[in-house]
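Structure, as structure tokens:
Where a number appears in this text, it was derived from the coordinates with a stated rule and is not lab data. Keep in mind that what you see is a predicted model, and the values were worked out from it rather than measured. All Cβ positions, glycine included, derive from the backbone under ideal geometry; neighbour counts span all protein chains shown.
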Amino acid sequence: MAFITGAASGIGLGLAQAFLEAGMKVVLADVRRAALEAAAAGLGPAAGRYHLMEVDVTDRAQMARAADEVVEVFGKVHVLCNNAGVGGITPMHEAGYEEWDWVLGVNLFGLINGVKSFLPKLRAHGEGAHILNTSSMAGLIPMPAPGGIYATSKFAARGFSDSLRIALAGSGVGVSVLCPGLVKTGMIQTGAELSPVAAGAQGATPFGAPPVNLFDAGVDPIVIGRRALQGIAANEAYILTHGEFRDELAEIFDEILAAFPPAPGPEAAARLAIENGRRQAVAAAKASLKQDG
């Protein structure tokens, strides 16, 4: 059974469709009740296997109640999909605190709130469970204006997921981070509608003025949902979906590696001892992850 935030459209709805297709029970959660009901109308013959829930992921009390309601409705929760996300409206160097708080509140603290509320439920049944956090390729590569706030939140989501995966190694709860590129979603329009700083605005794209429509160029969300399900089953750390980013990401990693100074000298012995201890702890965690997988 899976709980999915941001499930009324886009990737969240694609996850729900893929999970239902695989025979799972699903709770579709979203801050937009009308959009949830519209999405449910297109789910097809899945009566009794899904439940709709209006939830604001930035509200910790609502998330705690959601976790209790999921157990009341379906008994157990095995998969938590922290997927709700919004994009910024204003270039990061011009944006005010309100916009920063809003984007980070949804895209980062929404993940934290989800884990804090649901992790005890995921562990309670002892049957194994998984957390899927939706980041983005914008969590791996930089974004031009006005995508800077969004990229900041998605880099944070990636770091949160990487560290949480190590922290939960051996616990029976796996963690994956989903990093898609362009997908057929209405996130830009929805974000503009929900934004506390530009209600009703059309929203700027994070790519300037591309020659093609972003929606039309995107991947169908059901494809992302099926790939995510595959990655969850295999307990993959990174679930990547868009092969066109491979070369750019390799360039970024090469640039980082090239920035390192020469190998440390004898004066670094104390630092190396500390770092070796950290590396051994991470290696042990990764070894237990392979056993879990």
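Among complete DSSP H helices in the chain, those whose alpha-carbon atoms stretch at least 20 Å along the helix's long axis and whose mean Kyte-Doolittle hydropathy reaches -1.0 are 60-74, 109-124, 148-167, 269-292.
Excluding the sites themselves, what is the longest stretch of the chain that contains no GluC sites (Glu not before Pro) in a DSSP loop with at most 12 other C-beta atoms within 10 Å? Provide the component values of the computation, followed by the final result.
Numbers: sites that count: 94, 127.
It works out to 128-293.
Neighbours of residue 53, meaning other residues whose beta-carbon lies under 10 angstrom from its beta-carbon, give a summed charge of -1 when Lys and Arg score +1 and Asp and Glu score -1.
Most fluctuating residue of 14, 147, 265 in a GNM of the chain with Cα springs under 10 Å: which is it? Answer for the Gaussian network model of the chain: 265.
Which whole-number percentage describes the relative contact order of the range 1-131, with Cα contacts under 8 Å and a sequence gap of 6 or more?
27 percent
The slack in the chain from residue 278 to residue 68, taken as 0.36 nm per residue of separation less the alpha-carbon distance, amounts to 72.0 nm.
Remark: the chain carries a charge dipole of roughly 960 debye about the Cα centre, counting +1 on each Lys and Arg Cβ and -1 on each Asp and Glu Cβ. Taking every DSSP helix (H) stretch of at least 4 residues in the chain, weighting each as -39,500 (n - 2.57) and dividing the sum by the residue count yields a mean residue ellipticity at 222 nm of -15500 deg cm²/dmol. Placing unit charges on each Cβ (+1 for Lys and Arg, -1 for Asp and Glu) gives the chain a dipole about its Cα centre, and among 95, 63, 136 the Cα reaching farthest toward its positive end belongs to 63. Which of 228, 197, 145 sits closest to the plus end of the dipole of the chain, meaning its Cα is farthest towards the positive end, when Lys and Arg get +1 and Asp and Glu get -1 on the C-beta? Positive-end residue among those listed: 228. The charge dipole of the range 75-125, taken about the Cα centre with unit charges on the Cβ atoms of Lys, Arg (+1) and Asp, Glu (-1), comes to about 640 debye, rounded to the nearest 20. In plain terms, the chain from residue 197 to residue 242 could stretch by 13.0 nm, reckoned as 0.36 nm per residue minus the Cα-Cα distance. Rounded to the nearest 20, the Cβ-based charge dipole of the range 1-88 about its Cα centre (Lys and Arg +1, Asp and Glu -1) stands at 140 debye. Measuring r between the beta carbons of residue 286 and residue 252 and using R0 = 35 Å, the FRET efficiency lands at 0.95. Distance from the Cα centroid of the range 242-293 to that of the range 73-143 is 25 Å (rounded to whole angstrom). Note: relative contact order over the chain, using C-alpha pairs below 8 Å and six or more positions apart, is 19 percent.
Here the chain is treated as a Stokes sphere of Kirkwood radius computed over C-alpha pairs; at 25 °C and 0.890 mPa s its diffusion coefficient rounds to 123 µm²/s.
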